[in-house]
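Comments concern the structure below.
Throughout, read-outs are computed from the coordinates displayed, never taken from laboratory work. Predicted model only: the values in this text are computed from it and were never measured. Note: ideal-geometry Cβ built from the backbone for every residue, glycine included; neighbour counts use all protein chains shown.
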Amino acid sequence: MSDPAGDRHRAFHDTALRWLPDVTRFARSLTRDESAADDLVQETFLRAWRHWDTFQAGGDGRAWLFTIARNAWRKQAPRAARLVPVEDDALQAMADDAGPLGAPDPVLQALARVDLGPAIGAAIAALPDAFREVVDLVELQQLEYAEAADVLGVPVGTVRSRLFRARRLLQSALLEHARDAGFASVDAAEAQ
Amino acid sequence: MDDRTPPPDRPMIDCGTALRLLWDCLDGKLGTVNEAAVREHVDRCRHCHPNAAFAEIVLNAVASQRKPVADDPSLRERVLDALRAEGFQAPRDDHS
């Protein structure tokens, strides 16, 4: 016999709760604090449950949860920790100028040889919020630009320009890492 | 012929265009023709080749961070407890 209430619980379980690890990662990226991230994850699922009836069956549950998480964070975060939206025109201009950086051959060879995991992880964590959340959604969670744009409530072009700018910053961070590790001279890195 | 000279049968795209399209190329978001044009340029151009190589290194490094996040049983239980307090009933086969 059909049990509409039971179906609702089952659907929430199967469609929303399955994304708990992904929401956790996104929350950690937003908050940069494990305890705050756990609070945000709980708040996200509570809001999702309260508004479950508004979720469209067959929709992207993960993107919906990311949107809820981000909205919840923006509402509850300390003022200083809230995202500071960068003027999109300015960002677009930066992105237009954000072609890839080059590096001298020996530096490239060294970077290709070593484990960049810790360095890139730290570089991502250090990105400004507006850039870090795009890297998290597009690069790590592998959302399409349009999906990330929906989550962030910005045009697709803004996602793209923020991603380009973020990558440029990550390149700069890796060059600095190369300098610190001694396989690039300050002059060589700064010459790029 | 220097290393930026286009082949005789087809003009090569310029450095600015190649750099502008490079990230999209590496992301696989260009069509076949444009992707081939960018790859041809960066393969031949001494100026752009290191830029492309560095861009690929960065993308590979970022991709290395793309690890699945393990489920945290204590967090899941905490979330379920909060949901239960609001009337949610986890299916019986939720063994988490």
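Which ³J(HN,Hα) values in Hz, rounded to whole numbers, follow from the phi angles of the stretch A:161-167 under the Karplus curve 6.51 cos²θ - 1.76 cosθ + 1.60, where θ = phi - 60° and Gly and Pro get x?
Those phi angles translate into 5, 5, 5, 4, 5, 4, 5 Hz.
Per residue of A:101-109, what is the mean number of Cβ atoms on other protein chains within 10 angstrom of that residue's Cβ?
Mean inter-chain Cβ contacts per residue within 10 Å come to 4.
Grab the beta carbon distance between A:ALA146 and B:GLU56, set R0 = 25 Å, and tell me the FRET efficiency rounded to 0.05.
Values: r = 25 Å, r/R0 = 0.99.
For A:ALA146 and B:GLU56, the calculated efficiency is 0.50.
Per-residue mean of other chain beta-carbon atoms within 10 angstrom of the beta-carbon, peptide B:79-85?
Values: counts 12, 5, 1, 6, 11, 0, 1.
Per-residue shielding by partner chains comes out at 5.
Can you tell me what the convex hull of the Cα atoms of the stretch A:14-83 projects to on average, as an area in nm²?
4.4 nm²
Diagonalise the Cα gyration tensor of the stretch B:38-96 and give the resulting equivalent ellipsoid semi-axes, square root of 5 times each eigenvalue, largest first, whole Å.
Working: eigenvalues 517, 22, 17 Å².
In descending order the semi-axes read 51, 10, 9 Å.
With bins 10 Å wide starting at 0, give me the P(r) of the stretch A:102-192 over every alpha carbon pair, in whole percents.
Reading upward from the zero bin: 17, 42, 27, 13, 1.
Ranked by Cβ crowding within 10 angstrom, fewest neighbours first, how are A:TRP49, A:TRP73 ordered?
A:TRP49, A:TRP73
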